[in-house]
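> First the structure, then my questions, so here it is.
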Amino acid sequence: MPFKPILRRSGEGAVSLQISIRESGDVTILDLRGKLTIDAGESEMLRSHLDTFVANGVRKLLLNLGAVTKVDSAGLSVIARTCLSLRNQNGDLKLLCPGGRVLEVLRVLHLLETIPSFEDENQALASFRPRGYFAKP
């Protein structure tokens, strides 16, 4: 799937959340940039996109949080709810590069204990592959 940018503008014209979507094999990667809060509806926009992916059969999601500057309870709720929904459908959601305040919040709320997080995209993608799978010679 080609790179698809999705923009959400706040009331003053500044972009509050950008979502770029790409795929690597059967993993859908969302590169997020900006705030993931209830303020200007960013978390609702993300929820809508994630719900659409899940409804359309996507079962492996990687959220790149490297450029997310702020997250609140609404944003965390969207992530946790989507993770649970995917796991109930034999899928999974994982996080890539959470940093700064976002990483701090994830640690304090112990979400990193239930939602896997990676600093390297290749390692994150490899983690979606079934364990113990070996090709026969």
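> Exactly one condition in (1) part of a helix (DSSP H, G or I); (2) among the small types (Gly, Ala, Ser); (3) more than 17 Å from residue 17 (Cα to Cα) is not met by residue 57; state its number.
For residue 57, the failing item is (1).
> Does residue 68 satisfy being within 16 Å of residue 16 (Cα to Cα), of a type in the set (A, V, I, L, M) and in contact with a helix residue (DSSP H, G or I) (Cβ under 6 Å, 6 or more places away or on another chain)?
Working: within 16 Å of residue 16 (Cα to Cα): yes; of a type in the set (A, V, I, L, M): yes; in contact with a helix residue (DSSP H, G or I) (Cβ under 6 Å, 6 or more places away or on another chain): yes.
Here the answer is yes, as residue 68 does meet what is asked.
> Starting from the range 89-115, take each residue that is at pLDDT 95 or above and list its partners that are open to solvent by 100 Å² or more (accessible area, probe 1.4 Å), counting only C-beta distances under 7 angstrom and pairs at least six apart or across chains.
Close Cβ pairs satisfying both conditions: 97/119.
> Report yes if some residue within the range 40-51 is of a type in the set (Gly, Ala, Ser), assigned to a strand (DSSP E or B), open to solvent by less than 50 Å² (accessible area, probe 1.4 Å) and at pLDDT below 95; otherwise report no.
At the first step, the residues of the range 40-51 found to be of a type in the set (Gly, Ala, Ser) are 40-41, 43, 48.
Remaining after also requiring assigned to a strand (DSSP E or B): none.
No, the range 40-51 contains no residue that is of a type in the set (Gly, Ala, Ser), assigned to a strand (DSSP E or B), open to solvent by less than 50 Å² (accessible area, probe 1.4 Å) and at pLDDT below 95.
> Quick check on my filter: what residues within the range 77-126 are open to solvent by 40 Å² or more (accessible area, probe 1.4 Å), assigned to a strand (DSSP E or B) and under 20 Å from residue 34 (Cβ atoms)?
Across the range 77-126, the qualifying residue is only 117.
> Turning to a different aspect of this structure: Please go through the range 20-39 and give me each residue that is of a type in the set (S, T, N, Q) and either modelled with pLDDT under 95 or open to solvent by less than 10 Å² (accessible area, probe 1.4 Å) (or both), ordered by number. Full working, then the answer.
If we filter the range 20-39 for residues that are of a type in the set (S, T, N, Q), which is where we start, we get 20, 24, 28, 37.
Selection gives 28, 37.
The values are calculated or read from the model by the stated rules, or taken from the named source; none is laboratory data. Please read these numbers as outputs of a predicted model, since none were measured by experiment. Counting neighbours? That spans all protein chains shown, and the Cβs are built from the backbone with ideal geometry, glycine included. SASA here: full protein model, heavy atoms, side chains in, ligands and nucleic acids out. Shrake-Rupley method; radii C 1.70, N 1.55, O 1.52, S 1.80 Å.
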